[in-house]
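Here is the structure we will look at.
The values are calculated or read from the model by the stated rules, or taken from the named source; none is laboratory data. Values in this document were obtained by computation on a predicted structure and should not be read as measured data. Glycine also receives a Cβ, built like all others from the backbone with ideal geometry; neighbour counts cover every protein chain displayed.
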Amino acid sequence: MNIENQELSPEQREEILGTLKTRFEKNIDRHEGIEWAAVKAKLELNAGKLWSLYEMERTGGEPDVIFYDKEAGEYIFYDCSAESPKGRRSVCYDRKALESRKQHKPQNSAMDMAADMGIEILTEGQYQELQRLGNFDTKTSSWVKTPDNIRQLGGAIFCDRRYDTVFVYHNGADSYYGARGFRGLLRV
């Protein structure tokens with residue numbers, strides 16, 4: 001899907017910008033040294049990225065700015081919902097896993113949903129970065145980008161936080177659970 005062609009109505013634009021500003025101001029410790037005015041200006045120039053953030057919000061991700069990549073000149077948003085985004089749960093890992101299921105197929109896959117939303121699924125390292133900002137996925141789990149060698153063998157990895165520790169697990173890529181979704185990131 002080409003997110004550059006996605007447009008929000010003026011009301012949706014104002015709604016998402018307002019939501020992002022409120023969250024930004026409420027969680028200033030996530031992005032010290034970053035000014036909202038600069039983030040907003042960049043968002044207003046990127047309608048497709050704003051649409052992706054709207055989709056992240058709509059599916060329960062509660063996106064927020066995590067840091068500014070000076071080299072790339074990009075603000076990085078992560079899903080910061082306390083638990084794995086509700087609108088992205090009960091999905092298997094990718095299209096291949098979805099197609100391999102003979103019965104009881106989930107509605108979608110994490111990788112397909114992320115692509116449709118114009119976002120990237122978090123890697124294990126990015127998931128660890130997120131966990132330094134708070135306690136996430138204490139009751140749920142989230143698929144993370146799986147290394148090719150694991151995926152080629154039919155597996156996929158996911159993470160959660162239990163006992164004040166971040167755990168990385170494996171499962172068949174075709175599995176899906178009501179408490180497992182995925183977290184994404186967006187570069188603006």
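Would a scan of the range 92-110 turn up a residue that is under 26 Å from residue 75 (Cα atoms) and surrounded by fewer than 22 Cβ atoms within 10 Å (Cβ to Cβ)? For the range 92-110, residues under 26 Å from residue 75 (Cα atoms) and surrounded by fewer than 22 Cβ atoms within 10 Å (Cβ to Cβ): absent. If you go through the range 34-51 and keep only what is of a type outside the set (Val, Ile, Thr) and closer than 12 Å to residue 20 by Cβ, you end up with 36, 40, 42, 43, 44, 49, 50.
Table: residues versus (1) under 23 Å from residue 96 (Cβ atoms); (2) modelled with pLDDT under 95; (3) not basic (Lys, Arg).
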site: 111; (1), (2), (3): yes, no, yes
site: 119; (1), (2), (3): yes, no, yes
site: 126; (1), (2), (3): yes, no, yes
site: 129; (1), (2), (3): no, no, yes
site: 151; (1), (2), (3): yes, no, no
site: 158; (1), (2), (3): yes, no, yes
site: 163; (1), (2), (3): no, no, yes
site: 167; (1), (2), (3): no, no, yes
site: 176; (1), (2), (3): yes, yes, yes
